[in-house]
Amino acid sequence: MKFEVHLTGPSGKKLRTVELERDANRWKIVLDGQPVKADPVEIDSNTLSLLLEGQSYEVRITPLPDGALELQTSLQEFTAEVVDPRAWRGRRHGVLEAEGRQQIVAPMPGKIVRLLVEAGDRVEAGQGLLVVEAMKMQNEIRSPRGGTVERLHVKEGQPVNAGEVLCIVS
């Protein structure tokens, strides 16, 4: 999965492109087109131990009310806004809502931790459908269009692979 991350820190603002891919029990990470040796481990709620290019960091992550994340290490503090590539593409092309029957797929491997709707429920564009936990972070998967939840293909606690169909909205 590819993300755009807007970082604001002591040296100003930067736009970074981050690609994440699960490889067995490890993550392949590509930062701005360059592979990075990284090994993240959650040591506490919202705290990661990160081995990055041979250097160890402890990173505390605090969600902010506007959806951004505050990242704190012992030396620096950053604000990160992760841009959902699907929403970004939609804004870029002026598309407000998807049309037709939509298969909602898992953006990355993870586990279903919460279902927010049931089959037959009416939903609005942007409404949360379910929550997937990946890399110890919870990601709300939203409906790309208004309509009816035709079918749920998953249940709470179920592991999912990237690209797996989670539900259908028509």
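Note that the stretch 116-130 has calculated 3J(HN,Hα) couplings of 9, 9, 10, 4, x, 5, 7, 10, 9, 4, x, 6, x, 9, 7 Hz, one per residue in order, obtained from phi through the Karplus relation 6.51 cos²θ - 1.76 cosθ + 1.60 (θ = phi - 60°); glycine and proline are x. Taking Leu129, Leu52, Leu69 in turn, the Gaussian network model of the chain (Cα-Cα springs below 10 Å) assigns the largest fluctuation to Leu52.
Using all pairs of distinct alpha-carbon atoms, the Kirkwood hydrodynamic radius of the stretch 98-169 works out to 11.9 angstrom. Stretching Thr148 away from Val105 to a fully extended chain increases their span by 13.8 nm, per 0.36 nm per residue minus the current alpha-carbon distance. Between Glu118, Glu21, Glu53, the Gaussian network model of the chain with springs among Cα atoms under 10 angstrom shows the greatest mean-square fluctuation at Glu53. Across the stretch 2-83, Cα-Cα pairs farther apart than 20 Å form 35% of the total. Averaging the sequence gap over all C-alpha pairs within less than 8 Å and six or more residues apart, then dividing by the number of residues, gives the chain a relative contact order of 17 percent. Summarised as an ellipsoid, the chain has semi-axes of 30, 19, 15 Å, derived from the eigenvalues of the Cα gyration tensor scaled by 5 and square-rooted, with the largest first.
Values quoted throughout were computed directly from the atomic coordinates according to the rules given, and no laboratory measurement underlies them. Note that the structure is predicted; figures quoted are calculated from it, not measured.
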